Amino acid sequence: MSSTLIQGGTVVSASGTLDADVLVQGEKITAVLPREPNVAISATADRVIDATGRYLLPGGIDVHTHMEMPFGGTSSADTFETGTRAAAWGGTTTIIDFAVQAKGTSLLATLDKWHAKADGNCAIDYGFHMIMSDVNDTTLKEMDACVAAGVNSFKMFMAYPGVFYVTDGEILLAMQQAARLGATICMHAENGIAIDQLVAQAIAAGRTDPVNHGLTRPPELEGEATARAITLAKITSCPLYLVHLSARHALEAVAEARDTGQNVFAETCPQYLYLSLDDLARPDFEGAKFVCSPPLRPKEHQDSLWRGLRSNDLSVVSTDHCPFCFKDQKQLGRGDFAKIPNGIPGVEHRMDLLHAGVAAGQLTLSRWVEVTSTTPARMFGLYPRKGVIAAGSDADIVIYDPRARQTLSAATHHMNVDYSAYEGVEITGRVATTLSRGRVVIDDGAYQGDPGHGVFLPRGVNQYLL
Ligand code: URP
Ligand code: ZN
Ligand code: ZN
(Lines give C-alpha, C1' and ligand atoms only; values in the text may rest on other atoms or scores of the structure.)
(Ligands and ions follow the chains in the order given, each with its own letter.)
Protein backbone atom coordinates (compact mmCIF):
# COMPACT_ATOMS: atom_id res chain seq x y z
CA MET A 1 0.00 0.00 0.00
CA SER A 2 1.63 3.27 -1.04
CA SER A 3 1.67 6.29 1.26
CA THR A 4 1.62 10.03 0.61
CA LEU A 5 2.44 12.90 2.96
CA ILE A 6 0.97 16.28 2.05
CA GLN A 7 3.11 18.82 3.85
CA GLY A 8 2.90 22.50 4.64
CA GLY A 9 -0.74 23.24 3.78
CA THR A 10 -3.71 24.64 5.70
CA VAL A 11 -6.59 22.23 6.15
CA VAL A 12 -9.91 24.06 5.62
CA SER A 13 -12.95 22.40 7.14
CA ALA A 14 -16.54 23.38 7.81
CA SER A 15 -15.49 24.39 11.31
CA GLY A 16 -12.27 26.31 10.72
CA THR A 17 -8.71 26.10 9.50
CA LEU A 18 -5.72 24.16 10.79
CA ASP A 19 -2.08 24.22 9.70
CA ALA A 20 -1.49 20.51 9.38
CA ASP A 21 0.21 17.80 7.36
CA VAL A 22 -1.97 14.99 6.07
CA LEU A 23 -0.89 11.38 5.80
CA VAL A 24 -2.56 9.10 3.28
CA GLN A 25 -2.17 5.34 3.10
CA GLY A 26 -3.70 3.58 0.14
CA GLU A 27 -7.18 5.05 -0.34
CA LYS A 28 -7.64 6.49 3.14
CA ILE A 29 -6.46 9.40 5.24
CA THR A 30 -4.63 7.93 8.21
CA ALA A 31 -3.55 11.04 10.12
CA VAL A 32 -4.00 14.79 10.27
CA LEU A 33 -0.89 16.12 12.01
CA PRO A 34 -1.13 19.71 13.31
CA ARG A 35 2.09 21.68 12.85
CA GLU A 36 3.41 23.42 15.92
CA PRO A 37 6.34 25.83 16.13
CA ASN A 38 9.63 24.02 16.74
CA VAL A 39 8.02 20.56 16.67
CA ALA A 40 9.19 18.40 13.79
CA ILE A 41 6.72 15.94 12.28
CA SER A 42 8.40 12.60 11.88
CA ALA A 43 5.99 10.88 9.48
CA THR A 44 7.56 9.33 6.41
CA ALA A 45 5.90 8.34 3.16
CA ASP A 46 6.64 6.99 -0.31
CA ARG A 47 5.72 10.34 -1.79
CA VAL A 48 5.77 13.82 -0.32
CA ILE A 49 3.68 16.63 -1.80
CA ASP A 50 4.62 20.19 -0.86
CA ALA A 51 1.45 22.21 -0.22
CA THR A 52 3.07 25.28 1.31
CA GLY A 53 0.82 28.32 0.98
CA ARG A 54 -2.08 26.21 -0.22
CA TYR A 55 -5.38 25.03 1.19
CA LEU A 56 -6.19 21.36 1.70
CA LEU A 57 -9.90 20.91 1.04
CA PRO A 58 -12.08 17.83 1.32
CA GLY A 59 -12.87 16.95 -2.30
CA GLY A 60 -15.86 18.80 -3.72
CA ILE A 61 -19.17 16.94 -3.89
CA ASP A 62 -21.52 18.01 -6.67
CA VAL A 63 -24.89 16.44 -5.89
CA HIS A 64 -26.62 17.57 -9.07
CA THR A 65 -25.19 16.60 -12.47
CA HIS A 66 -26.63 15.25 -15.70
CA MET A 67 -24.07 13.28 -17.72
CA GLU A 68 -25.27 11.88 -21.05
CA MET A 69 -28.86 12.68 -20.16
CA PRO A 70 -31.54 12.35 -22.85
CA PHE A 71 -33.45 15.65 -23.09
CA GLY A 72 -35.52 17.39 -25.76
CA GLY A 73 -34.56 14.96 -28.54
CA THR A 74 -30.84 15.18 -27.81
CA SER A 75 -28.46 14.20 -25.03
CA SER A 76 -26.29 16.26 -22.69
CA ALA A 77 -22.84 16.54 -24.19
CA ASP A 78 -20.63 15.24 -21.37
CA THR A 79 -20.31 11.49 -20.96
CA PHE A 80 -19.50 10.06 -17.55
CA GLU A 81 -15.90 9.89 -18.76
CA THR A 82 -15.55 13.49 -19.96
CA GLY A 83 -17.76 14.96 -17.24
CA THR A 84 -16.03 13.32 -14.30
CA ARG A 85 -12.63 14.26 -15.73
CA ALA A 86 -13.74 17.89 -15.97
CA ALA A 87 -15.09 17.69 -12.42
CA ALA A 88 -11.69 16.52 -11.16
CA TRP A 89 -9.97 19.44 -12.92
CA GLY A 90 -12.18 21.72 -10.86
CA GLY A 91 -11.66 20.00 -7.51
CA THR A 92 -14.80 17.88 -7.42
CA THR A 93 -14.16 14.27 -6.40
CA THR A 94 -17.74 12.97 -6.11
CA ILE A 95 -20.82 13.55 -8.23
CA ILE A 96 -24.37 12.41 -7.67
CA ASP A 97 -25.97 12.10 -11.09
CA PHE A 98 -29.61 11.53 -12.00
CA ALA A 99 -30.83 8.24 -13.44
CA VAL A 100 -33.85 9.13 -15.57
CA GLN A 101 -36.90 6.88 -15.58
CA ALA A 102 -38.67 7.21 -18.92
CA LYS A 103 -42.45 6.85 -18.73
CA GLY A 104 -43.52 3.21 -18.94
CA THR A 105 -40.19 1.81 -17.73
CA SER A 106 -39.17 0.45 -14.35
CA LEU A 107 -36.97 2.17 -11.79
CA LEU A 108 -34.72 -0.85 -11.41
CA ALA A 109 -34.19 -1.24 -15.15
CA THR A 110 -33.37 2.49 -15.22
CA LEU A 111 -30.84 2.05 -12.45
CA ASP A 112 -29.18 -0.83 -14.34
CA LYS A 113 -29.00 1.35 -17.43
CA TRP A 114 -27.30 4.19 -15.53
CA HIS A 115 -24.86 1.78 -13.88
CA ALA A 116 -23.91 0.53 -17.34
CA LYS A 117 -23.27 4.09 -18.53
CA ALA A 118 -21.07 4.99 -15.55
CA ASP A 119 -19.34 1.73 -14.66
CA GLY A 120 -15.68 1.74 -15.70
CA ASN A 121 -15.90 5.25 -17.13
CA CYS A 122 -15.58 7.60 -14.18
CA ALA A 123 -12.42 9.37 -13.06
CA ILE A 124 -13.98 10.08 -9.63
CA ASP A 125 -16.58 8.43 -7.40
CA TYR A 126 -20.27 8.75 -8.12
CA GLY A 127 -23.74 8.01 -6.83
CA PHE A 128 -27.22 8.28 -8.28
CA HIS A 129 -30.54 9.91 -7.51
CA MET A 130 -33.56 8.45 -9.31
CA ILE A 131 -35.84 10.66 -11.43
CA MET A 132 -39.37 9.30 -11.07
CA SER A 133 -41.56 10.31 -13.96
CA ASP A 134 -44.07 7.46 -13.76
CA VAL A 135 -45.73 6.89 -10.39
CA ASN A 136 -47.74 3.67 -10.14
CA ASP A 137 -48.04 0.67 -7.80
CA THR A 138 -44.99 -1.00 -9.31
CA THR A 139 -42.70 2.01 -9.21
CA LEU A 140 -43.83 2.94 -5.70
CA LYS A 141 -42.83 -0.57 -4.58
CA GLU A 142 -39.56 -0.31 -6.49
CA MET A 143 -38.55 2.68 -4.37
CA ASP A 144 -37.75 0.13 -1.64
CA ALA A 145 -35.30 -1.70 -3.85
CA CYS A 146 -33.70 1.56 -4.97
CA VAL A 147 -33.04 2.51 -1.35
CA ALA A 148 -31.62 -0.95 -0.67
CA ALA A 149 -29.35 -0.45 -3.70
CA GLY A 150 -27.97 2.79 -2.24
CA VAL A 151 -30.20 5.25 -4.10
CA ASN A 152 -32.29 6.92 -1.43
CA SER A 153 -33.25 10.19 -3.09
CA PHE A 154 -35.89 10.59 -5.79
CA LYS A 155 -36.33 13.62 -7.99
CA MET A 156 -39.79 14.66 -9.13
CA PHE A 157 -40.86 17.43 -11.48
CA MET A 158 -43.69 19.90 -11.05
CA ALA A 159 -42.51 21.29 -14.43
CA TYR A 160 -42.29 19.87 -17.99
CA PRO A 161 -45.87 18.57 -18.56
CA GLY A 162 -45.87 15.60 -20.92
CA VAL A 163 -42.25 14.75 -20.16
CA PHE A 164 -41.27 14.46 -16.49
CA TYR A 165 -44.25 16.23 -14.90
CA VAL A 166 -46.08 14.42 -12.11
CA THR A 167 -49.36 15.48 -10.52
CA ASP A 168 -49.75 16.60 -6.92
CA GLY A 169 -51.51 13.28 -6.19
CA GLU A 170 -48.56 11.32 -7.56
CA ILE A 171 -46.15 13.47 -5.55
CA LEU A 172 -48.19 12.75 -2.44
CA LEU A 173 -47.99 8.99 -3.01
CA ALA A 174 -44.25 9.07 -3.61
CA MET A 175 -43.73 11.27 -0.56
CA GLN A 176 -45.68 8.84 1.64
CA GLN A 177 -43.49 6.02 0.41
CA ALA A 178 -40.27 8.05 0.79
CA ALA A 179 -41.26 8.98 4.35
CA ARG A 180 -41.71 5.27 5.19
CA LEU A 181 -38.30 4.48 3.72
CA GLY A 182 -36.37 7.41 5.23
CA ALA A 183 -35.66 8.65 1.70
CA THR A 184 -35.59 12.23 0.44
CA ILE A 185 -37.73 13.68 -2.33
CA CYS A 186 -35.77 16.17 -4.46
CA MET A 187 -38.14 18.59 -6.13
CA HIS A 188 -37.97 20.62 -9.33
CA ALA A 189 -40.48 23.21 -8.18
CA GLU A 190 -41.98 25.28 -10.98
CA ASN A 191 -45.68 25.39 -11.87
CA GLY A 192 -45.31 23.71 -15.27
CA ILE A 193 -49.02 23.76 -16.11
CA ALA A 194 -49.25 27.54 -15.84
CA ILE A 195 -45.83 28.02 -17.49
CA ASP A 196 -46.90 26.01 -20.55
CA GLN A 197 -49.82 28.41 -21.10
CA LEU A 198 -47.49 31.41 -20.93
CA VAL A 199 -45.08 29.71 -23.33
CA ALA A 200 -47.86 28.97 -25.84
CA GLN A 201 -49.05 32.61 -25.66
CA ALA A 202 -45.52 33.92 -26.24
CA ILE A 203 -44.90 31.67 -29.24
CA ALA A 204 -48.31 32.55 -30.74
CA ALA A 205 -47.45 36.24 -30.38
CA GLY A 206 -44.13 35.75 -32.18
CA ARG A 207 -42.02 36.27 -29.06
CA THR A 208 -39.61 33.46 -29.84
CA ASP A 209 -36.17 34.68 -28.66
CA PRO A 210 -34.34 32.98 -25.77
CA VAL A 211 -35.16 35.78 -23.30
CA ASN A 212 -38.78 34.64 -23.45
CA HIS A 213 -37.73 31.43 -21.74
CA GLY A 214 -37.12 33.56 -18.65
CA LEU A 215 -40.13 35.81 -19.09
CA THR A 216 -42.57 32.89 -19.35
CA ARG A 217 -41.28 31.24 -16.16
CA PRO A 218 -41.79 34.01 -13.59
CA PRO A 219 -40.25 33.63 -10.12
CA GLU A 220 -43.73 33.66 -8.55
CA LEU A 221 -44.41 30.30 -10.21
CA GLU A 222 -41.29 28.86 -8.59
CA GLY A 223 -42.39 30.33 -5.26
CA GLU A 224 -45.88 28.88 -5.62
CA ALA A 225 -44.64 25.40 -6.55
CA THR A 226 -42.07 25.46 -3.75
CA ALA A 227 -44.75 26.30 -1.17
CA ARG A 228 -47.01 23.56 -2.58
CA ALA A 229 -44.21 20.97 -2.41
CA ILE A 230 -43.50 22.02 1.17
CA THR A 231 -47.17 21.57 2.09
CA LEU A 232 -47.25 18.09 0.56
CA ALA A 233 -44.04 17.22 2.40
CA LYS A 234 -45.53 18.47 5.64
CA ILE A 235 -48.66 16.38 5.54
CA THR A 236 -46.68 13.27 4.53
CA SER A 237 -43.77 13.92 6.97
CA CYS A 238 -41.41 13.51 4.05
CA PRO A 239 -37.90 15.02 3.88
CA LEU A 240 -37.83 17.50 1.01
CA TYR A 241 -34.81 18.90 -0.84
CA LEU A 242 -35.51 21.73 -3.30
CA VAL A 243 -33.10 21.48 -6.22
CA HIS A 244 -31.67 24.42 -8.21
CA LEU A 245 -33.50 27.12 -6.22
CA SER A 246 -33.24 30.37 -8.14
CA ALA A 247 -35.74 32.90 -6.81
CA ARG A 248 -36.26 34.98 -3.68
CA HIS A 249 -39.92 33.85 -3.59
CA ALA A 250 -38.92 30.19 -3.31
CA LEU A 251 -36.27 30.95 -0.71
CA GLU A 252 -38.83 32.71 1.48
CA ALA A 253 -41.03 29.60 1.43
CA VAL A 254 -38.05 27.40 2.36
CA ALA A 255 -36.99 29.72 5.19
CA GLU A 256 -40.49 29.73 6.65
CA ALA A 257 -40.69 25.93 6.58
CA ARG A 258 -37.27 25.57 8.18
CA ASP A 259 -38.22 28.06 10.90
CA THR A 260 -41.13 25.82 11.86
CA GLY A 261 -38.84 22.79 12.12
CA GLN A 262 -39.79 20.98 8.92
CA ASN A 263 -37.28 18.72 7.19
CA VAL A 264 -36.92 21.06 4.21
CA PHE A 265 -33.56 21.77 2.58
CA ALA A 266 -32.48 23.59 -0.54
CA GLU A 267 -29.58 24.04 -2.93
CA THR A 268 -28.74 26.79 -5.37
CA CYS A 269 -26.24 26.79 -8.25
CA PRO A 270 -23.48 29.19 -9.38
CA GLN A 271 -25.48 30.31 -12.42
CA TYR A 272 -28.13 31.81 -10.14
CA LEU A 273 -25.49 33.56 -8.04
CA TYR A 274 -23.57 35.08 -10.96
CA LEU A 275 -25.68 35.11 -14.14
CA SER A 276 -29.02 36.83 -14.77
CA LEU A 277 -31.91 37.47 -17.14
CA ASP A 278 -29.61 39.96 -18.89
CA ASP A 279 -27.56 36.99 -20.13
CA LEU A 280 -30.68 35.31 -21.50
CA ALA A 281 -31.34 38.57 -23.40
CA ARG A 282 -27.97 38.55 -25.21
CA PRO A 283 -28.49 39.22 -28.95
CA ASP A 284 -27.98 36.91 -31.95
CA PHE A 285 -29.38 33.84 -30.18
CA GLU A 286 -26.42 33.97 -27.73
CA GLY A 287 -29.04 33.96 -24.95
CA ALA A 288 -29.65 30.27 -25.77
CA LYS A 289 -26.37 29.46 -24.03
CA PHE A 290 -28.06 30.50 -20.78
CA VAL A 291 -31.34 28.62 -21.10
CA CYS A 292 -31.92 26.42 -18.08
CA SER A 293 -34.88 25.78 -15.79
CA PRO A 294 -35.68 27.44 -13.52
CA PRO A 295 -34.41 30.31 -15.65
CA LEU A 296 -31.81 32.90 -14.76
CA ARG A 297 -33.51 35.63 -12.75
CA PRO A 298 -33.25 39.42 -12.63
CA LYS A 299 -30.05 40.38 -10.78
CA GLU A 300 -31.84 41.46 -7.60
CA HIS A 301 -32.44 37.81 -6.63
CA GLN A 302 -28.71 37.23 -6.27
CA ASP A 303 -28.32 39.09 -2.98
CA SER A 304 -31.10 37.01 -1.41
CA LEU A 305 -29.40 33.80 -2.55
CA TRP A 306 -26.01 34.78 -1.10
CA ARG A 307 -27.78 35.71 2.13
CA GLY A 308 -29.60 32.36 2.09
CA LEU A 309 -26.25 30.59 1.78
CA ARG A 310 -24.95 32.44 4.83
CA SER A 311 -28.08 31.80 6.90
CA ASN A 312 -28.20 28.10 5.89
CA ASP A 313 -31.67 28.37 4.37
CA LEU A 314 -29.64 27.33 1.33
CA SER A 315 -27.40 24.50 2.51
CA VAL A 316 -25.70 23.30 -0.67
CA VAL A 317 -24.29 24.62 -3.92
CA SER A 318 -24.48 22.11 -6.77
CA THR A 319 -24.07 22.82 -10.48
CA ASP A 320 -27.05 21.21 -12.25
CA HIS A 321 -24.36 20.56 -14.88
CA CYS A 322 -26.31 19.80 -18.06
CA PRO A 323 -24.24 20.83 -21.10
CA PHE A 324 -25.58 21.21 -24.63
CA CYS A 325 -23.34 22.51 -27.41
CA PHE A 326 -24.25 25.91 -28.84
CA LYS A 327 -23.43 24.94 -32.41
CA ASP A 328 -25.46 21.77 -32.80
CA GLN A 329 -27.78 21.46 -29.84
CA LYS A 330 -28.94 24.86 -28.60
CA GLN A 331 -29.74 25.67 -32.28
CA LEU A 332 -32.69 23.26 -32.08
CA GLY A 333 -34.57 26.19 -30.55
CA ARG A 334 -33.78 28.91 -33.11
CA GLY A 335 -37.15 30.47 -33.86
CA ASP A 336 -38.81 28.73 -30.88
CA PHE A 337 -37.22 29.21 -27.46
CA ALA A 338 -39.29 26.31 -26.07
CA LYS A 339 -37.22 23.88 -28.16
CA ILE A 340 -33.84 25.00 -26.76
CA PRO A 341 -32.45 22.11 -24.69
CA ASN A 342 -32.45 23.24 -21.05
CA GLY A 343 -29.14 23.25 -19.23
CA ILE A 344 -25.88 25.04 -18.52
CA PRO A 345 -22.39 23.52 -18.21
CA GLY A 346 -20.64 24.07 -14.88
CA VAL A 347 -19.25 20.95 -13.19
CA GLU A 348 -15.68 22.21 -13.63
CA HIS A 349 -16.12 25.66 -12.13
CA ARG A 350 -18.16 25.30 -8.96
CA MET A 351 -15.28 25.36 -6.47
CA ASP A 352 -13.59 28.30 -8.22
CA LEU A 353 -16.77 30.37 -8.59
CA LEU A 354 -17.60 29.88 -4.92
CA HIS A 355 -14.03 30.75 -3.97
CA ALA A 356 -14.64 33.99 -5.87
CA GLY A 357 -17.54 34.43 -3.43
CA VAL A 358 -15.07 34.06 -0.56
CA ALA A 359 -12.75 36.63 -2.15
CA ALA A 360 -15.73 39.01 -2.55
CA GLY A 361 -16.68 38.64 1.12
CA GLN A 362 -19.92 36.76 0.46
CA LEU A 363 -18.85 33.55 2.24
CA THR A 364 -16.21 32.56 4.78
CA LEU A 365 -13.60 29.97 3.85
CA SER A 366 -15.28 27.42 6.10
CA ARG A 367 -18.70 28.06 4.65
CA TRP A 368 -17.23 27.56 1.16
CA VAL A 369 -16.11 24.07 2.18
CA GLU A 370 -19.35 23.41 4.03
CA VAL A 371 -21.70 24.18 1.12
CA THR A 372 -19.56 22.48 -1.54
CA SER A 373 -18.43 19.36 0.32
CA THR A 374 -19.34 18.71 3.95
CA THR A 375 -23.06 19.43 3.84
CA PRO A 376 -23.58 17.62 0.52
CA ALA A 377 -21.91 14.56 2.11
CA ARG A 378 -24.16 14.72 5.18
CA MET A 379 -27.31 15.55 3.22
CA PHE A 380 -26.91 12.57 0.91
CA GLY A 381 -25.56 9.94 3.27
CA LEU A 382 -21.86 9.93 2.37
CA TYR A 383 -20.38 11.38 5.56
CA PRO A 384 -17.78 10.76 7.05
CA ARG A 385 -16.46 8.67 4.17
CA LYS A 386 -16.62 11.89 2.13
CA GLY A 387 -16.80 15.59 2.96
CA VAL A 388 -14.06 15.86 5.58
CA ILE A 389 -10.29 15.57 5.96
CA ALA A 390 -10.05 13.22 8.93
CA ALA A 391 -8.40 9.90 9.78
CA GLY A 392 -10.51 7.10 8.33
CA SER A 393 -12.10 9.16 5.56
CA ASP A 394 -11.46 8.57 1.88
CA ALA A 395 -8.38 10.47 0.74
CA ASP A 396 -10.34 12.81 -1.54
CA ILE A 397 -8.19 15.91 -1.12
CA VAL A 398 -7.91 19.06 -3.16
CA ILE A 399 -4.76 21.14 -2.90
CA TYR A 400 -5.98 24.62 -3.75
CA ASP A 401 -3.82 27.62 -4.60
CA PRO A 402 -5.80 30.65 -3.37
CA ARG A 403 -3.51 33.14 -5.12
CA ALA A 404 -3.35 31.65 -8.64
CA ARG A 405 -5.16 33.60 -11.33
CA GLN A 406 -7.18 32.07 -14.15
CA THR A 407 -9.58 33.15 -16.85
CA LEU A 408 -12.52 30.84 -17.54
CA SER A 409 -12.94 30.00 -21.22
CA ALA A 410 -14.20 27.31 -23.58
CA ALA A 411 -10.70 27.34 -25.09
CA THR A 412 -9.21 25.97 -21.87
CA HIS A 413 -11.97 24.17 -20.00
CA HIS A 414 -12.26 20.38 -20.02
CA MET A 415 -16.02 19.95 -20.30
CA ASN A 416 -17.16 18.49 -23.63
CA VAL A 417 -19.06 21.58 -24.69
CA ASP A 418 -18.26 24.33 -27.17
CA TYR A 419 -18.96 27.38 -25.00
CA SER A 420 -18.46 28.64 -21.48
CA ALA A 421 -21.25 30.41 -19.60
CA TYR A 422 -18.42 32.31 -17.86
CA GLU A 423 -16.28 33.17 -20.91
CA GLY A 424 -13.61 35.69 -19.94
CA VAL A 425 -14.43 35.73 -16.22
CA GLU A 426 -11.28 36.17 -14.13
CA ILE A 427 -10.97 34.15 -10.95
CA THR A 428 -8.50 34.23 -8.09
CA GLY A 429 -7.78 30.68 -6.99
CA ARG A 430 -7.21 27.40 -8.76
CA VAL A 431 -6.87 23.69 -8.11
CA ALA A 432 -3.23 22.60 -8.00
CA THR A 433 -3.76 18.91 -7.25
CA THR A 434 -6.79 16.64 -6.92
CA LEU A 435 -6.58 13.29 -5.16
CA SER A 436 -9.41 10.79 -5.37
CA ARG A 437 -9.18 7.93 -2.84
CA GLY A 438 -5.44 8.54 -2.56
CA ARG A 439 -4.85 8.58 -6.29
CA VAL A 440 -3.52 11.76 -7.93
CA VAL A 441 -5.99 12.62 -10.69
CA ILE A 442 -4.91 16.19 -11.47
CA ASP A 443 -1.48 17.62 -10.74
CA ASP A 444 0.18 20.80 -11.88
CA GLY A 445 -1.90 21.23 -15.03
CA ALA A 446 -1.93 17.58 -16.09
CA TYR A 447 -4.59 14.88 -15.93
CA GLN A 448 -3.19 11.70 -14.38
CA GLY A 449 -6.41 9.80 -13.71
CA ASP A 450 -8.07 6.95 -15.49
CA PRO A 451 -11.70 6.33 -16.36
CA GLY A 452 -11.97 3.10 -14.37
CA HIS A 453 -10.90 4.61 -11.05
CA GLY A 454 -14.26 6.01 -9.88
CA VAL A 455 -16.56 3.67 -7.97
CA PHE A 456 -20.29 3.70 -7.27
CA LEU A 457 -21.16 4.99 -3.80
CA PRO A 458 -24.21 3.44 -2.14
CA ARG A 459 -25.62 6.14 0.12
CA GLY A 460 -27.22 6.13 3.55
CA VAL A 461 -29.77 8.35 5.20
CA ASN A 462 -29.84 12.17 5.25
CA GLN A 463 -28.01 13.16 8.45
CA TYR A 464 -29.93 16.41 8.96
CA LEU A 465 -33.34 14.91 9.63
CA LEU A 466 -35.03 16.35 12.70
O1 URP B 1 -32.27 23.27 -17.20
C2 URP B 1 -32.02 22.30 -16.50
N3 URP B 1 -32.02 22.46 -15.21
N4 URP B 1 -31.73 21.12 -17.06
C5 URP B 1 -31.54 19.90 -16.40
C6 URP B 1 -32.81 19.24 -15.96
C7 URP B 1 -33.27 19.74 -14.62
O8 URP B 1 -34.40 20.16 -14.51
O9 URP B 1 -32.52 19.67 -13.66
ZN1 ZN C 1 -34.76 20.23 -12.44
ZN1 ZN D 1 -30.91 19.19 -13.02
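Region 58-110 gives an Rg/Rh value of 1.04, both radii derived from C-alpha positions and Rh following Kirkwood.
Among His414, Pro323, Gly429, which residue has its Cα positioned farthest towards the positive end of the charge dipole of region 309-433, with +1 placed on the Cβ of Lys and Arg, -1 on the Cβ of Asp and Glu, and the dipole taken about the Cα centre? Towards the positive end, the residue furthest out is Gly429. Shown for region 278-360: lysine pairs separated by 8 or more places, or found on different chains, whose C-alpha atoms are under 16 Å apart, numbering 5. For the chain, the longest principal axis of the alpha carbon atoms and the long axis of helix 192-204 meet at an angle near 70°. Using a 1.4 Å probe on the protein chains only, how many percent of the accessible area of region 232-321 belongs to carbon and sulfur? Exposed carbon and sulfur together represent 45 percent of the surface. The listed peptides 243-250, 37-44, ordered by packing as a protection proxy, come out as 243-250, 37-44 (highest mean of other Cβ atoms within 10 Å first). Contact order, relative form, for the chain: 22 percent (alpha carbon pairs under 8 Å, 6 or more residues apart, mean separation divided by residue count).
To put it simply, the accessible area of region 131-184 at a 1.4 Å probe is 54 percent carbon and sulfur. Quarter the surface of the alpha carbon convex hull of region 67-215 and you get the mean projected area, 10.2 square nanometres. Count Lys and Arg as plus one, Asp and Glu as minus one, and take only other residues whose Cβ is under 13 Å from that of His413; the net charge is then -2. Can you compute the FRET efficiency between Lys299 and Gln197 using 1/(1 + (r/R0)^6), with r the Cβ-Cβ distance and R0 = 25 Å? Round to the nearest 0.05. Efficiency at R0 = 25 Å is approximately 0.40.
Inverting the pair-averaged 1/r between distinct Cα atoms of region 206-252 gives 12.0 Å as its Kirkwood hydrodynamic radius. Sorting 357-365, 295-303 by their mean Cβ neighbour count within 10 Å, with the most densely packed peptide first, gives 295-303, 357-365.
Our note on the geometry: Cα centres of region 319-377 and region 64-120, 16 Å apart. Rounded to the nearest 5, what % of DSSP beta bridges with both residues in region 9-57 are antiparallel? In region 9-57, approximately 85 percent of DSSP beta bridges are antiparallel ones. In this structure region 374-419 gives 34 Å² per residue of accessible area when probed at 1.4 Å with all protein chains present.
Averaging 1/r over each pair of different alpha-carbon atoms in the chain and inverting the result gives 22.2 Å, the Kirkwood hydrodynamic radius. Under 23 Å of direct C-alpha separation, and excluding same-chain neighbours fewer than eight residues apart, Lys141 reaches these lysines: Lys103, Lys113, Lys155, Lys234.
Below 8 Å, C-alpha to C-alpha, sequence gap of six or more: please give me the relative contact order for region 1-40 in percent. After rounding, I find 33 percent. With K and R counted +1 and D and E -1, the other residues having a Cβ less than 13 Å from that of Phe71 yield a net charge of -1. This model, with +1 at the C-beta of Lys and Arg and -1 at the C-beta of Asp and Glu, gives region 196-328 a dipole about its Cα centre of some 140 debye.
Which value results for Rg/Rh of region 221-300 when Rg is the Cα radius of gyration and Rh the Kirkwood radius based on the inverse mean 1/r? Taking Rg over the Kirkwood Rh, I get 1.07.
Beta-bridge orientation, the chain: approximately 50 percent antiparallel, per DSSP, counting only bridges with both partners inside. Taking 0.36 nm per residue of separation and subtracting the current Cα-Cα distance, fully stretching the chain between Glu27 and Lys327 would add 103.9 nm.
Only Lys, Arg, Asp and Glu carry charge here, each on its Cβ (+1 for the first two, -1 for the last two); on that basis the chain has a dipole of about 360 debye about its Cα centre. On the beta carbon distance between Thr428 and Thr364, with R0 = 25 Å, the FRET formula returns roughly 0.95. Taken along its principal axes, the alpha carbon cloud of region 383-466 reaches lengths of 42, 33, 27 Å, longest axis first.
Share of carbon and sulfur in the accessible area of region 18-66 stands at 50%, probe radius 1.4 Å. Mean projected area of the Cα convex hull of region 173-286, taken over all directions, amounts to 8.0 nm². Once the Cα atoms are used to define both axes, helix 168-181 deviates from the longest principal axis of the chain by about 30 degrees. Sorting the segments 64-76, 213-225 by their residues' average number of neighbouring beta-carbon atoms within 10 angstrom, most packed first, yields 213-225, 64-76. In a DSSP loop and with at most 12 other Cβ atoms within 10 Å, there are no chymotrypsin sites (Phe, Trp or Tyr not before Pro) in region 125-226.
The long axis of helix 301-311 is offset from the longest Cα principal axis of the chain by roughly 50 degrees.
Comparing Val135, Gly169, Phe157 along the charge dipole axis of region 120-171, the residue lying farthest to the positive side is Phe157, per the Cβ-charge model. Considering only alpha-carbon pairs that sit under 8 angstrom and 6 or more positions apart, the relative contact order computed for region 346-423 is 20 percent. Dipole check for region 347-427: with +1 at the C-beta of Lys and Arg, -1 at the C-beta of Asp and Glu, and the Cα centre as origin, the magnitude is about 340 Debye.
The values are calculated or read from the model by the stated rules, or taken from the named source; none is laboratory data. Predicted, not measured: the structure shown is a model, and the values here were computed from it. Don't worry about glycine lacking a Cβ; one is built from the backbone with ideal geometry, like all the others, and counts go over all protein chains shown. The accessibility values were calculated without ligands, DNA or RNA, using every heavy atom of the protein model including side chains. Shrake-Rupley method; radii C 1.70, N 1.55, O 1.52, S 1.80 Å.
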